[in-house]
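Participant: Encoded as structure tokens, here's the structure I'll be asking about.
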Amino acid sequence: MKANVTGSKSGQILLQNIRKQYGTYVAVDDVNLTIAPGEFISLLGPSGSGKTTTLMMIAGFELPNAGKVLLDGKDITKLPSHRRQLGVIFQNYALFPHMTVEENVAYPLRMRRVSKPDVAARVRNVLEQVQLTQFASRYPHQLSGGQQQRVAIARALVFDPPVLLLDEPLGALDKKLRQHLRNEIKSLHNEVGKTMIYVTHDQDEALAMSDRVAVMSDGRIRQVAAPRDIYQKPADLFVAGFVGEANFIPFTVDAGVAVTSTGEKLELSTFDPPTKSATICVRPEHLKLNPSDEKRIDGISGHVTDLTFVGDATMVHFKSSNGLDLTSKIFNTTRDNNLSVGDACFATWAQDDITVLSH
Ligand SMILES: Nc1ncnc2c1ncn2[C@@H]1O[C@H](COP(=O)(O)OP(=O)(O)OP(=O)(O)O)[C@@H](O)[C@H]1O
Ligand SMILES: [Mg+2]
């Protein structure tokens, strides 16, 4: 983890059992999270899962009903937002329309009564960082969406907060621009080394940008891990289904043998079944479809129902003999996709490429 610009390691956030209730509805339920100084962490989850509410409690715009928020070891749970000194960036940039870029960015410093020459120097600096120097005297309506978003980032950075909170900051932008700006935010993070807490429901964004991802659903954190682990070792069925595409193959264990609902015996050498039933999670790129005349002991028999060309790959849809729908992703760089609709085949996988999730 990097030290921030001042060389110190400030910017640690600790959430201890925080809960937020609106009436009887629990929006955030007993969330615990330790965010290291300089870390880039994403809160990822579907709409209504409690991401914004969690961020608002860190920012001080919402008061938790229970639990604590600590910044660098100090309890800030009840501290008003303006005294927390955290930089906050929202989806709707909320720039002041009657102020130029320069004035917008200077605003937080003026509020803090920073001296005029100091304001000028710091604004110049931060505009350079986000590559907006040439737009300093423009008004927000004279800027593109991406440029406006960078002004918002500059305005949050200018008072050198130890932590930046970003709530779907790229939500309003088109896909190309989102990708471009997420790279910019990432390099800015590498440059300034500040803690960044990034709310998104876009899994690609979360996986691409983060040191760690916290996956939320129904107000709870389901898993916190590095992007690779979230994808390769999902903790439960929700995480497996929400992050990336997944095939689910439910099975039961009978006399030490795992059998699918279609009656096929499964080879599960790495699995010591703790329960009577579980589900195999296998990503489409790991599901292999082999011609049925190849002799195999493991796999599920069925046939190809559809082929979808998605550019870099072809998604081959497969139905097992008893009606289980699976998808195999075959990259179009390999020219060995000879499958056609109706072909009989075996769906197989390597033991190392699957996750077995107990129910
Ligand atoms: N002020 C409020 N009063 C009542 N319910 C609220 C309030 N704010 C949020 N909620 C509810 O709490 C839940 C979590 O909301 P939150 O805004 O944190 O979700 P989110 O994960 O940010 O979703 P999205 O991706 O749609 O922004 C939702 O069901 C929402 O309706
Ligand atoms: Mg939200």
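The values are calculated or read from the model by the stated rules, or taken from the named source; none is laboratory data. Note that the coordinates shown come from a computational prediction; the quantities given were computed from them, not determined experimentally. Using ideal geometry, Cβ is built from the backbone for each residue, glycine included, and neighbour counts are taken over all protein chains shown. We work out accessible area using only protein heavy atoms, side chains counted, and drop any ligands, DNA or RNA first. Shrake-Rupley method; radii C 1.70, N 1.55, O 1.52, S 1.80 Å.
Participant: Where residues in the range 191-212 are within 16 Å of ligand 2 (Cβ to nearest atom), aliphatic (A, V, I, L, M) and within 8 Å of the chain's Cα centre (by Cα), which of them is farthest from residue 90 (Cα to Cα)?
Facilitator: 206
Participant: From the list 114, 28, exactly one residue is more than 27 Å from the chain's Cα centre (by Cα) and aliphatic (A, V, I, L, M). Which is it?
Facilitator: The unique qualifying residue is 114.
Participant: Follow-up question, since we're still on this one. Among the candidates 87, 23, 45, 11, which residue alone is open to solvent by less than 40 Å² (accessible area, probe 1.4 Å) and within 16 Å of ligand 1 (Cβ to nearest atom)?
Facilitator: 45
Participant: Further question on the same structure: Which ones in the range 133-188 are within 16 Å of ligand 2 (Cβ to nearest atom), within 28 Å of residue 76 (Cα to Cα) and open to solvent by 10 Å² or more (accessible area, probe 1.4 Å)?
Facilitator: Result: 167, 168.
Participant: So, one more: For residues that are under 24 Å from residue 185 (Cα atoms), modelled with pLDDT of 95 or more and not acidic (Asp, Glu), tally how many sit in the range 61-86.
Facilitator: 1
Participant: Let me ask something additional. Determine whether the range 248-255 contains at least one residue that is surrounded by fewer than 17 Cβ atoms within 10 Å (Cβ to Cβ), modelled with pLDDT under 95, within 23 Å of residue 285 (Cα to Cα) and out of contact with any His (no Cβ under 6 Å at 6 or more places or on another chain).
Facilitator: Looking for residues that are surrounded by fewer than 17 Cβ atoms within 10 Å (Cβ to Cβ), modelled with pLDDT under 95, within 23 Å of residue 285 (Cα to Cα) and out of contact with any His (no Cβ under 6 Å at 6 or more places or on another chain), one finds at least one in the range 248-255, hence yes.
Participant: Report, by residue number, each residue of the range 61-82 that is within 15 Å of ligand 1 (Cβ to nearest atom) and either under 23 Å from the mean Cα position of the chain (by Cα) or buried (at least 22 other Cβ atoms within 10 Å of the Cβ) (or both).
Facilitator: 61, 62, 64
Participant: Sticking with this structure for a sec: Could you please give the count of residues in the range 190-215 that are in a helix (DSSP H, G or I) and open to solvent by less than 10 Å² (accessible area, probe 1.4 Å)? So that I can check it myself, show each step before the final result.
Facilitator: Taking the range 190-215 and keeping what is in a helix (DSSP H, G or I), we get 190-192, 203-209.
Those left that are additionally open to solvent by less than 10 Å² (accessible area, probe 1.4 Å): 192, 205-206, 209.
So the answer is 4.
Participant: Residue 338 versus (1) free of Cβ contacts under 8 Å to residues at least 40 places away in the same chain; (2) within 15 Å of residue 287 (Cβ to Cβ): which is the lone unmet condition?
Facilitator: (2)
Participant: Pairs under 8 Å by beta carbon, first residue within 18 Å of residue 167 (Cα to Cα) in the range 52-78, partner within 15 Å of ligand 1 (Cβ to nearest atom) and open to solvent by 60 Å² or more (accessible area, probe 1.4 Å), six or more apart or different chains?
Facilitator: Note: pairs meeting the criteria are 57/63.
Participant: Something else: Any idea how many residues of the range 216-247 are part of a strand (DSSP E or B) and under 17 Å from residue 287 (Cβ atoms)?
Facilitator: Of the residues in that region, 1 qualify.
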